[in-house]
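Reading through the structure tokens given below for one structure.
The values are calculated or read from the model by the stated rules, or taken from the named source; none is laboratory data. Nothing here was measured: the structure is a model prediction, and the numbers come from that model. Don't worry about glycine lacking a Cβ; one is built from the backbone with ideal geometry, like all the others, and counts go over all protein chains shown.
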Amino acid sequence: MSKNIKMNIDQNGIAVIEIDVQDRPMNVITVDFADDFKNCVEQVLGDEKIIGAVVTSAKNDFMAGADLKTMLPSLIGLGDASAMAERVIESHKVNRAMETGGKPFVAAINGTALGGGLEITLSCHHRIAADRKDAVLGLPEVMVGLLPGGGGTQRLPRIIGIQPALELMTQGKHLKPQQAMAMGIVNELAAPDELLSKAKQWILDGGKAVQPWDKKGFKVPGGFDPNTKGTIQMFSVVNAMVAKNTNHNYPAPISIVSSVYEGCLLPIDKGLEIEAKYFVGLLMDPVSGNMIRSLFNNKQSADKLRARPDGVEKHTVKTLGMLGAGMMGAGIALVSARAGMKVYLLDSSLESAEKGKAYSEKYFQKSVARKKMTEEKKAEILENIIPTIDYSDLKDCDLIIEAVFENREIKADVTQKTEAVIGEDIVFASNTSTLPISGLAESSGRPHNFIGMHFFSPVERMPLVEMIMGEQSSDEALAKSLDYIAQIKKTPIVVNDSRGFYTSRVFSTSCNEANEMIKEGVNPALIENAARHAGYPVGPIAVQDETTIDLSIKIHKQSIEDLGDEYKPMSSIDVMQKMYDLGRLGKRFGGGFYEYPEGGKKFLWPGLADIYPVKEEQPDIQEIKDRLMTVQSLDAYRCLDENVLTTPDDGDLGSIFAWGFPPWTGGVFSYIDMVGIEKFVARCDDYCERFGERFEVPDSLREMADKKEKFYP
Amino acid sequence: MTDAYIFDHVRSPRGRGKSDGSLHEVTPVELLSQVLGSLRDRNELDTSRVDDVIMGVVHNQGEQASNPARVAAIHAGYAEEAAGKQLNRFCASGLEAVNSAAAQVMSGMSDLCIGGGLESMSRVPMDTVGGALAVDPQVAYGSYFVPQGISADLIASKYGFTREDVDSYAVESQRRASHARDEGYFKNSIVPIKDSLGETLLDHDECIRTGTTVDDLAKLNPSFQQIGDFGFNAVAIQRYPEVAKIDHVHHAGNSSQIVDGASAVLVGTKEVGEELGLTPRAKIVGFASTGSEPTIMLTGPAPSAKKVLKRCGMNTDDIDLFELNEAFAVVVLHYMKEMGIEHDEINVNGGAIAMGHPLGATGGMVLGTLIDEIERRDLSTGLVNLCIGGGMGTSTIIERV
């Protein structure tokens, strides 16, 4: 018995090892657990009365992976790479003891088993999974820049073959127990209440205590021989696919492939050493740290509403009033209804409102066709979306979201009409992407209830919501809004009011930078490739065609109108104006920076070179990447400096999830940290001189550089 | 430094490199042995005087593994003193073997050597031989490896050669090869290959497609589109980000054909020639190899040609005829542009697009073809070149004597 494991021995001498990690809702591998588990295995092997062991969990799920918050720091704390590798190699011994100790171990996988959890089961001689629809199995370490370092890269391919193992591990795929069974990862499925007895029965039936790879003449299933056509073709294509998918920014996938390739040519003990060394290599690489911080730790804490003000009672939205049934309104209605809310979808005509609902219909129809949803569930959701033109329908709503046309007068009109019917304390959230919230709040009689809630398109796919605090927005309004965002399972960031808020403002700086490069005579194909190779999902030129040049010029005109002399347009506004004047308004209008041939692939508009000739000498691609990422990171810093952002965490999450800032960097602030603030400042100074004052460094950042500070410890 | 002379050269005909090819039943060692035997017999060569038999073999695996140079010499009945070694410079192996033979002679450490090569592509297929370059993840990923066909299409995309350009080149290669064969230009150097009963299996290059037109070729689908889409195009563009997209212009009709073949070139000092009654046909003026960027891979010939020209104090105008292995049509087109030469100065009797490219053997074959043609046209100098996997070029300058 120990703190993290319960062990009982039944009358047949079968030990049941029940994992129950203390103070954790989900079993994770901690330093203590690892010690307990080792002792437990030793006891099984040492106690003559025990004939074999069942490994299972006392919790609802089997086990997730290693506890990233404690396990990794304890490893990294060793400082030296060889010492880390030694520690990892040492940790493999318990698995090898299970495999070679002569007593049968069987895994009774009662629920989800991921990462290090699944790896423990791979060291068992037999795996039985509970046939639960809500359980998943997988080795998702790649998602945080790591590889399965508990023997996964060695055991999985030896169990299911090289290609399927590579697919699972390089993509971090999750499998349902039935899929895992079909692939051969588990040997049997069992009804949850028969799991334990089936596991014991396997031992009683004489289950063999030997792993396939410890038998003489073992061959990797499906074959593995670098002198055969199959292996040669598979690896040459896999290598290229990894390069294509990572653009050499993420070191984990190729390390996984190498660990499999090199390790599976060797006996398993040597293979485990190879894995340990690639694992430590990834641990030492800043990318895993960036990904763990932003994509795991910070995202998790944002999802748990870190930013929610204390002292406001939890608020649940049962009925949502959605103003505007255009693309955004339709999307917000969809995700809200899916989360179980009733949605009044209001527009100026019933036809428009119906059209907004039809968007959900089409979407859920697809889910049904893909067998991801039942017909009944779909009908239930759709029944909850009620198209209307009648403001009085909004009277019982718990939250109002406005997504009407980006026009002050129209927004003011719907705000007043809505406030006339809703309750005193109901939050009114505007999904504007361009108009400052404090200005819009002027039309409200209850500006403390008025807040910005900026969704991204398409709403059902984009994970982020940017909350914007107007001058008078209350903590209560924020808390209630955040509760709603948790209901629809999105990730919130909270920013203060400013033109373009945080995401729209900073995002556009890389478009401006690209246009500046076009003016300088940089080959547009090189700019686009540089952005994609840096890890952006789309090039900064193509993206302007998507958002349309038409819209950019409209916002430009609106800003002149609003701000007059105070308005400082983007330095490359002349490029936009030129395109606008030539009628090249964007993709939706048939062409912009690109041509869009019918049925063919888009290509850069050749006419662009006539206006902005491509110069003979081209910059190094690295400088283009650096410029794009630097200009955004610097402007993000200005947002922090100006209190538009209040934490670097929000800045990082927003940059990755709103506009696809390369995730391997961990986001804009992690990027500056990774480059080093001193070096970053020096680079900006250099760019400021060469490319313009948009690279001017705020004094406060210079001070941070002088003090050798960082955004993250 | 001793001068190295070429006394003679022979080669097998090139048989289709598939199971229906005329040389498929012949083992690689037997194929090379017959070529070596012929070189000996037609020169009445005292093989005990041969210091080394140096053979280029690219896919040294299975029947072609473990030094077939020495094994074929034994099998051909060469004197036991004739040593043998196998070397690998990928597609230039055959030429490299001749250069290596020349180097041994020029250094004064050998009097008489045979260089050449062997590749039985129907029996040791390309895709069954691994090696680290494409397969080992650390190597392939780190070096931005792409298959040669993608490299060829990358050259076309980067330098603006169109499908029509490469197809026109290929048609002309077929026309020239067909003409040269019909006129008997290759006859003197080809060793008919016989079966175990002594019947001739093949006495001519069997892959030439006489009468191929641009319209015929226009019907063929690009060969490398699919693997490009798997990820290799992306890798090529990672290395060459100025290229917007890869145009897949190469196909079976404008790329070198897969064939079986062997070649042998007799190299030695003037003195040994006089002693053994051998008449020098050409002098090896110089040779060079160089590396080039590995992803685009096939642009090494021009730098290697410029390197050897410079080393020999010569320039392009001093060369009467050029031979560059037609691995892919674009390789020659790009080379012509880089070297500033016209199509009527290069590959005048066609090349591998029409006749095939038996990897390790090709270098010896194109060198031989060049010597024969210089003699036929009564010219003086020639430069032979091959592009090479992994990004290299090898070249040799010869002068008729």
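Against the condition in the same structural domain as residue A:9 (by TED's automatic domain parsing), closer than 26 Å to residue A:3 by Cβ and touching a residue at least 60 places away in the same chain (Cβ under 8 Å), how does residue A:50 come out, does it pass? In short, no.
Taking (1) touching a His at 6+ places or on another chain (Cβ under 6 Å); (2) buried (at least 24 other Cβ atoms within 10 Å of the Cβ) in turn, residue A:481 satisfies each apart from (1). Residue count for segment B:330-351 satisfying the condition of being part of a helix (DSSP H, G or I), among the hydrophobic types (A, V, I, L, M, F, W, C) and either touching a Phe, Trp or Tyr at 6+ places or on another chain (Cβ under 9 Å) or under 13 Å from residue B:305 (Cα atoms) (or both): 5.
When each of A:76, A:109 is tested for being in the same structural domain as residue A:185 (by TED's automatic domain parsing), β-branched (Val, Ile, Thr) and surrounded by fewer than 22 Cβ atoms within 10 Å (Cβ to Cβ), the lone residue that passes is A:76.
The residues listed here are A:288, A:259, A:255; of these, the one that is more than 30 Å from residue A:391 (Cβ to Cβ), more than 14 Å from chain B (Cβ to nearest Cβ) and among the hydroxyl-bearing types (Ser, Thr, Tyr) is A:288. Number of residues in segment A:658-677 that are in contact with a Gly (Cβ under 9 Å, 6 or more places away or on another chain), outside any loop (DSSP other than H, G, I, E, B) and closer than 14 Å to residue A:299 by Cβ: the value is 2. Restricting attention to segment A:143-169, the residues that are touching a residue at least 40 places away in the same chain (Cβ under 8 Å), crowded, with 24+ Cβ neighbours inside 10 Å, in a helix (DSSP H, G or I) and within 19 Å of the chain's Cα centre (by Cα) total 2.
Of all the residues in segment B:212-258, those that are of a type in the set (Val, Ile, Thr), facing another protein chain (nearest Cβ under 8 Å) and either farther than 28 Å from residue A:617 by Cα or out of contact with any Ser or Thr (no Cβ under 8 Å at 6 or more places or on another chain) (or both) number 2.
If you go through segment B:97-156 and pick out every residue that is more than 11 Å from every other protein chain (Cβ to nearest Cβ) and within 16 Å of residue A:240 (Cα to Cα), you end up with 4.
The set of residues in segment A:501-542 being part of a loop (DSSP other than H, G, I, E, B) and either within 14 Å of chain B (Cβ to nearest Cβ) or surrounded by fewer than 20 Cβ atoms within 10 Å (Cβ to Cβ) (or both) consists of A:521, A:522, A:523, A:535, A:536, A:537, A:538, A:539. Comparison of A:600, A:564, A:583 shows that the only residue that is farther than 26 Å from residue A:405 by Cβ and either surrounded by fewer than 16 Cβ atoms within 10 Å (Cβ to Cβ) or within 14 Å of chain B (Cβ to nearest Cβ) (or both) is A:600. Does residue A:222 satisfy the criteria of being small (Gly, Ala, Ser), more than 8 Å from chain B (Cβ to nearest Cβ) and touching a helix residue (DSSP H, G or I) at 6+ places or on another chain (Cβ under 6 Å)? The answer is no for residue A:222. The helices (runs of 4 or more DSSP H) found entirely in segment A:282-387 that carry 1 or more residues being small (Gly, Ala, Ser) and surrounded by fewer than 19 Cβ atoms within 10 Å (Cβ to Cβ) are A:299-303, A:350-369, A:375-383. Would it be correct to say that residue A:30 is farther than 17 Å from residue A:3 by Cβ and buried (at least 18 other Cβ atoms within 10 Å of the Cβ)? The answer is no for residue A:30.
Look at (1) assigned to a helix (DSSP H, G or I); (2) under 23 Å from residue A:114 (Cα atoms); (3) among the hydrophobic types (A, V, I, L, M, F, W, C) and you find that residue A:235 fails only one, number (2). The strands (runs of 3 or more DSSP E) found wholly in segment A:402-476 and carrying at least 3 residues that are free of Cβ contacts under 8 Å to residues at least 60 places away in the same chain, aliphatic (A, V, I, L, M) and under 23 Å from residue A:308 (Cβ atoms) occupy A:464-469. Can you say whether residue A:594 is modelled with pLDDT of 95 or more, buried (at least 21 other Cβ atoms within 10 Å of the Cβ) and more than 30 Å from residue A:295 (Cα to Cα), as far as the supplied structure shows? Yes: the conditions hold for residue A:594.
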